[in-house]
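Peer 1: I have a structure here, written as structure tokens, and I will follow up with some questions on it.
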Amino acid sequence: MLGQMQDWPLLIHKIIDCAALQHPRQEVVSRLVEGPIVRATYAQVRARALKVAQRLARDGIKPGDRVATLAWNNQRHLEAWYGVAGLGAICHTVNPRLFPEQIVWIMNHAEDRIALVDLTFVPLLEAIAPKLPTIERYVVLTDAANMPPTKLKNAISYEEWIGDVDGDFRWPSFDENTAAGLCYTSGTTGNPKGVLYSHRSNVLHSLFTSGLEVMAIGPSSTVLPVVPMFHANSWGIAFTAPMKGAKLVMPGGKLDGASIYELLETEQVSFSAAVPTVWMMLLAYMRKESKTLSSLKCVVIGGSACPPAIIKAFEDDYGVEVRHAWGMTEMSPLGSVCSIKPTTPIKTREDALEVKNKQGWPPFGVEMKIVDDEDKPLPWDGVRFGRLKVAGAAVAKRYFKEERDCVDASGFFDTGDVATVDENGYMHITDRAKDVIKSGGEWISSIDIENLAVGHPDVAEAAVIGIRHPKWDERPLLIVVPKEGKQPTAPDVLGFLEGRIAKWWMPDDMQTVSEIPHTATGKINKLKLREAFKDYRLPTA
Ligand code: AMP
């Protein structure tokens, strides 16, 4: 027997409708590429999003068509999101930090028809436009006064483009499983893969992740997503904040310590989310300028492993709670967040910090397991590492235009990460499966060693890779970037690690470099590092 409740499709535009109706005066504050900080209300954002949909329809965009954005977090980008998806078309958020050739590949694969572009990225698109035959028009996210001279096809400023319609438009209604957004994974090997979000998956992801135990976003929150809308939906925050009636502060392209600090203080931000490097820049700035934080209560840190030193600095020096999080583009993206369950046996501050270093536990809506090489579930003992597999209402089932599903027979997606889960259910990422170091048949976690090494006062950044070894198969090599003006030696840093990690995890050597390569999403590019050190021989070999 079926239930007899209403069929109320979970559609993204219902979020902005609700925000405009219930929180019409709540603000969206943005730092524009043009310079100024501007303010709008949810009522205004909704009205302008309707104009985007109306104008797209007039330009011939149909449900299912892809509309690309290359833009920072700002009000116009937000309006475009709701306008594109609200029409039933698909908002393809392109990561402008990818190599131009990858952007060309992605936009052609997506067959984008219109591109909405921040001023910053006009030169980038001018360089690749001849290779983008499917784009019919470029809309520059600015007004007529700031419109640059450009030869981009049918280029028009956003304000003129939406100024041409009256906004008298009704959102169409459709199946909640309709595609709403497209985001490609950066993939260090092979071609990028497109993750095709649905209205339902995005709405559910925001419902799952807004709760007290995850991001704790409500009408009295002021939320600053530093995580870009072009990287996995700004962790859903551009949906979650309006859904919950929170004030939204959009930082644009200025992500340095001073600029983020300015917004945190002038807008009295209570919650923010970013990758560790952004927080490192902010902490460095605050220390140098002897600044304090007057409103920030909680930050979520994820995207790559958060060094314990950052967690400690935020909590002990600035009184800001840190929640370490893990996720991926394929998961919309949040998979787990480390908020402390009251039943966790914690006696000391050290116990608490040990738990906080872990990536936490999945909110309702995400299932998680760790398995061995035979796909058998491993015990939750905090010791055994295994491949991390996930399932859930906002987890990808198949990549865009692929013919086969990307989940196993039981419906679980292999994340490619390796993790432990402890007896209290806290998950801890130890590596990417392809980066794990196999020494004498046992696995060594490169992330754990890296996290400890950056705790050394002279080390700015650290990476650990496996180097071939005749006896042990592979042994770890520690690669560090020294802090400015410092020259840490191998005995210094390795001595610092002693007693903090198992003896057989100890790197066989250390090398210093001026820079560690990163991917377009800010992760250490181990593939490139291994390539750079392919001729290196360990002293123990
Ligand atoms: P992306 O799809 O670009 O967001 O990348 C997802 C990948 O980033 C995951 O599969 C992890 O390897 C890594 N990642 C994300 N968050 C964390 C974290 N807190 N600690 C360690 N790795 C992380």
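The values are calculated or read from the model by the stated rules, or taken from the named source; none is laboratory data. Since the model is a prediction, treat every value here as computed from it, not as a measurement. Backbone-built Cβ (ideal geometry, glycine too); neighbour counts: all protein chains shown.
Peer 1: Just to be sure, is Gly522 within 16 Å of the ligand (Cβ to nearest atom) and either touching a residue at least 60 places away in the same chain (Cβ under 8 Å) or on the phi > 0 side of the Ramachandran plot (or both)? Break it down into steps so the answer makes sense when it comes.
Peer 2: Details: within 16 Å of the ligand (Cβ to nearest atom): yes; either touching a residue at least 60 places away in the same chain (Cβ under 8 Å) or on the phi > 0 side of the Ramachandran plot (or both): yes.
For Gly522, the condition - within 16 Å of the ligand (Cβ to nearest atom) and either touching a residue at least 60 places away in the same chain (Cβ under 8 Å) or on the phi > 0 side of the Ramachandran plot (or both) - is met.
Peer 1: Pick out, from the range 426-466, the strands (runs of 3 or more DSSP E) lying fully within it that include 2 or more residues that are more than 26 Å from the chain's Cα centre (by Cα).
Peer 2: Working: elements: 427-432, 437-439, 442-444.
Per the criteria, 437-439, 442-444.
Peer 1: Any residue at all in the range 331-346 that's modelled with pLDDT of 95 or more, more than 16 Å from the ligand (Cβ to nearest atom) and of a type in the set (Gly, Ala, Ser)?
Peer 2: The answer is no, given that none of the residues of the range 331-346 is modelled with pLDDT of 95 or more, more than 16 Å from the ligand (Cβ to nearest atom) and of a type in the set (Gly, Ala, Ser).
Peer 1: Could you run through the range 399-416 and say how many residues are within 16 Å of the ligand (Cβ to nearest atom) and at pLDDT 95 or above?
Peer 2: Of the range 399-416, the ones within 16 Å of the ligand (Cβ to nearest atom) are 399-400, 406-407, 412-416.
In the following step, the residues that additionally are at pLDDT 95 or above were identified as 399-400, 406-407, 412-415.
Total satisfying the criteria: 8.
Peer 1: Of all residues in the range 428-472, count the ones that are modelled with pLDDT of 90 or more, charged (D, E, K, R) and farther than 16 Å from Ser304 by Cα.
Peer 2: Looking only at that region, the number is 2.
Peer 1: A further question on this structure: Quick check on Val390: is it modelled with pLDDT of 95 or more and in a loop (DSSP other than H, G, I, E, B)? Steps first, answer last, please.
Peer 2: Working: modelled with pLDDT of 95 or more: yes; in a loop (DSSP other than H, G, I, E, B): no.
Judged against the criteria, Val390 is not a match.
Peer 1: Follow-up. Specify the residue that is surrounded by the fewest Cβ atoms within 10 Å (Cβ to Cβ); the eligible residues are those in the range 355-388 that are of a type in the set (Gly, Ala, Ser) and touching a residue at least 40 places away in the same chain (Cβ under 8 Å).
Peer 2: Taking the range 355-388 and keeping what is of a type in the set (Gly, Ala, Ser), we get 360, 365, 382, 386.
Within this subset, residues satisfying the condition of being touching a residue at least 40 places away in the same chain (Cβ under 8 Å) are 360, 365, 382.
Values: Gly360: 27, Gly365: 18, Gly382: 14.
The selected residue is Gly382.
Peer 1: Scan (1) surrounded by fewer than 16 Cβ atoms within 10 Å (Cβ to Cβ); (2) of a type outside the set (Val, Ile, Thr); (3) touching a residue at least 60 places away in the same chain (Cβ under 8 Å) for the single condition Ala396 breaks and write down its number.
Peer 2: Just one mismatch for Ala396, condition (1).
Peer 1: State all residues of the range 417-426 that are in contact (Cβ under 8 Å) with a residue 60 or more places away in the chain, crowded, with 20+ Cβ neighbours inside 10 Å and more than 10 Å from the ligand (Cβ to nearest atom); if no residue qualifies, say none.
Peer 2: Tyr426
Peer 1: Run down Ala352, Ala391 and say which single residue is among the small types (Gly, Ala, Ser), surrounded by fewer than 16 Cβ atoms within 10 Å (Cβ to Cβ) and either without any contact (Cβ under 8 Å) to a residue 40 or more places away in the chain or over 28 Å from Ser198 (Cβ atoms) (or both). Steps first, answer last, please.
Peer 2: Details: Ala391 fails: surrounded by fewer than 16 Cβ atoms within 10 Å (Cβ to Cβ).
Just a single option satisfies the conditions, and that option is Ala352.
Peer 1: Within the range 467-491, track down each residue that is of a type in the set (A, V, I, L, M, F, W, C) and either more than 26 Å from Lys503 (Cβ to Cβ) or out of contact with any Lys or Arg (no Cβ under 7 Å at 6 or more places or on another chain) (or both). If you could, list the steps in order and put the result at the bottom.
Peer 2: To start, the set of residues in the range 467-491 that are of a type in the set (A, V, I, L, M, F, W, C) comprises 467, 472, 477-481, 490.
Once the filter is applied, which keeps residues that are of a type in the set (A, V, I, L, M, F, W, C) and either more than 26 Å from Lys503 (Cβ to Cβ) or out of contact with any Lys or Arg (no Cβ under 7 Å at 6 or more places or on another chain) (or both), the range 467-491 yields Trp472, Leu477, Leu478, Ile479, Val480, Val481, Ala490.
Peer 1: Provide a single number: the residues in the range 428-447 that are within 11 Å of the ligand (Cβ to nearest atom) and either crowded, with 19+ Cβ neighbours inside 10 Å or farther than 16 Å from Asp417 by Cα (or both). So that I can check it myself, show each step before the final result.
Peer 2: Step one: list which residues in the range 428-447 are within 11 Å of the ligand (Cβ to nearest atom), which gives 428-435, 445-447.
Retained after the next criterion (residues that are either crowded, with 19+ Cβ neighbours inside 10 Å or farther than 16 Å from Asp417 by Cα (or both)): 428-431, 435, 445-447.
Residues flagged as within 11 Å of the ligand (Cβ to nearest atom) and either crowded, with 19+ Cβ neighbours inside 10 Å or farther than 16 Å from Asp417 by Cα (or both) within the range 428-447 amount to 8.
Peer 1: Still on this structure, please answer the following. Determine the pairs where a residue that is without any contact (Cβ under 8 Å) to a residue 40 or more places away in the chain and under 14 Å from Val28 (Cα atoms), located within the range 218-240, has a partner that is within 13 Å of the ligand (Cβ to nearest atom) and assigned to a loop (DSSP other than H, G, I, E, B) with Cβ atoms under 8 Å apart, the partner being 6 or more residues away or on another chain.
Peer 2: Every condition considered, the pairs that remain are Ile237/Val227.
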